[in-house]
Amino acid sequence: MKSRAESFSARVVEWQRIHGRHSLPWQQTRDPYRVWLSEIMLQQTQVSTVLGYYNLFLQRFPDVTSLAAASIDDVFAMWSGLGYYSRARNLHKCAQAVVSEHGGSFPSSSTQLAELPGIGRSTAAAVAAFCFGERVAILDGNVKRVLSRVLAFDGDLASAANERELWAHATRLLPDEGIEAYTQGLMDLGATVCVTRSPHCLLCPVRVDCEALKSADVESFPVKTRKLKRGRREHVWLWLQWRDRLWLSQRPDKGVWSGLWSLPEFESGEAFDALAVQWPGEGEALDSFTHVLTHLDWRLHPIRWTLPEKTAASKVDAVIAALPGGRWFTLAEALAAGVPAPLRKLLSAR
């Protein structure tokens, strides 16, 4: 008689073979570079969004060597719109580490992969399982949801100790063979059947094993009490135009949109007016909008200030001296650079 773990894994593998996803571009390869790239892009981002970026990114950076050799600005430019830009920075650092420390070849074990910049335990396990067949558990958001419901695991996953316990359960459920299909099957179950709200339990291949379903309390799992507090922020956004160029400043390495090129910000309209009172030219208030981030609602009030074409360079220098450091971009250069998605949308509409 099969053990519970054997029965569970067999159901997942069989379901994945018939009903799982098979046509995603990163499923057609065992190249660790391409699998790793997909895993990083899929963190906190839906598959439908990633599909619009994945192939374009590979066209620009077809292998880890080309990515490592690129400038961070080029990487940001290709990542612009995907959000969570620290992922792009870590992606670049990781590529450089693979080239400098591993001769351009990704390590084949999850333990070694997890030592690389920006690769956590679950991502390392996914690459090792898909590309090298290592029998190792993953525990991304989808898999946490599936396993916590199947096991009715009520430990608060905000606690590191409870998460380690769930890792141990995940490892005990691993099949002896077919790790690739099993891993993909768990991901697919979490993404398409065992979803956060209104899960499709009647379609689930492991419903007979699901302790949460037996208690009719599926949506109570996983348990995680620590919730992100949303904040609010409001700024004036300055689009400074002179001739055919606009002024962009590079954002700090930490914080929202770290490292991207963006418009200078002011705490209020009064703060901007006080600075611009002696500027030549005139300003135009554009439509305000709210940019929604995971942890923040950011209200932005763009003002387009156009300096007269004949303004002396010395006067232009005096204007930008009061702004955060940056440089002039043509519109085409700005749209080709690493800029935040709302700025790209603003510039494209003008």
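Selection of the stretch 214-244 for residues being over 30 Å from PRO308 (Cα atoms) and crowded, with 20+ Cβ neighbours inside 10 Å yields VAL218, PHE221, PRO222.
All conditions in (1) touching a Ser or Thr at 6+ places or on another chain (Cβ under 7 Å); (2) surrounded by fewer than 19 Cβ atoms within 10 Å (Cβ to Cβ) hold for GLY81, with the sole exception of (1).
Output the residue which, of all residues in the stretch 113-126 that are surrounded by fewer than 20 Cβ atoms within 10 Å (Cβ to Cβ) and touching a residue at least 12 places away in the same chain (Cβ under 8 Å), is nearest to ARG344 (Cα to Cα).
Quick first cut of the stretch 113-126, residues surrounded by fewer than 20 Cβ atoms within 10 Å (Cβ to Cβ) only: 114-115, 117-118, 120-121.
If we keep only those that are touching a residue at least 12 places away in the same chain (Cβ under 8 Å) too, we end up with 117-118, 121.
Values: PRO117: 29, GLY118: 26, ARG121: 34 Å.
Selected residue: GLY118.
The residues of the stretch 259-313 that are among the acidic types (Asp, Glu) and over 17 Å from TRP242 (Cβ atoms), listed by number, are GLU265, GLU267, GLU270, ASP273, ASP287, ASP297.
When you check ALA152 against the structure, is it surrounded by 17 or more Cβ atoms within 10 Å (Cβ to Cβ), assigned by TED's automatic domain parsing to the domain that holds PHE8, over 30 Å from ASP253 (Cα atoms) and not acidic (Asp, Glu), yes or no? No, not satisfied. For the stretch 310-344, a residue qualifies if it is small (Gly, Ala, Ser) and either over 30 Å from the mean Cα position of the chain (by Cα) or surrounded by 12 or more Cβ atoms within 10 Å (Cβ to Cβ) (or both), and the qualifying residues are ALA312, ALA313, SER314, ALA318, ALA321, ALA322, GLY326, ALA334, ALA336, ALA337, GLY338, ALA341. Residues in the stretch 151-201 that are closer than 21 Å to GLN44 by Cβ and part of a helix (DSSP H, G or I): 14 in all.
Among the residues of the stretch 148-168, which ones are under 20 Å from TRP15 (Cβ atoms) and not hydroxyl-bearing (Ser, Thr, Tyr)? Walk me through it before giving the result.
Narrowing the stretch 148-168 to residues under 20 Å from TRP15 (Cβ atoms): 148-151.
Selection gives ARG149, VAL150, LEU151.
Hey, among ASP188, ASP176, ASP154, which residue is touching a residue at least 12 places away in the same chain (Cβ under 8 Å), touching a Phe, Trp or Tyr at 6+ places or on another chain (Cβ under 9 Å) and over 30 Å from TYR85 (Cα atoms)? Break it down stepwise before answering.
On the way: ASP188 fails: over 30 Å from TYR85 (Cα atoms); ASP176 fails: touching a Phe, Trp or Tyr at 6+ places or on another chain (Cβ under 9 Å).
After applying the criteria, what remains is ASP154.
Within the stretch 30-57, the only residue that satisfies the criterion of being more than 20 Å from ASN90 (Cβ to Cβ) and basic (Lys, Arg) is ARG30. Counting only helices (runs of 4 or more DSSP H) that fall entirely inside the stretch 16-100 and contain at least 1 residues that are modelled with pLDDT under 95, of a type in the set (D, E, K, R) and assigned by TED's automatic domain parsing to the domain that holds CYS131, the qualifying elements are 72-79.
The values are calculated or read from the model by the stated rules, or taken from the named source; none is laboratory data. Predicted, not measured: the structure shown is a model, and the values here were computed from it. Every residue, glycine among them, receives a Cβ derived from its backbone with ideal geometry; neighbour counts consider all protein chains shown.
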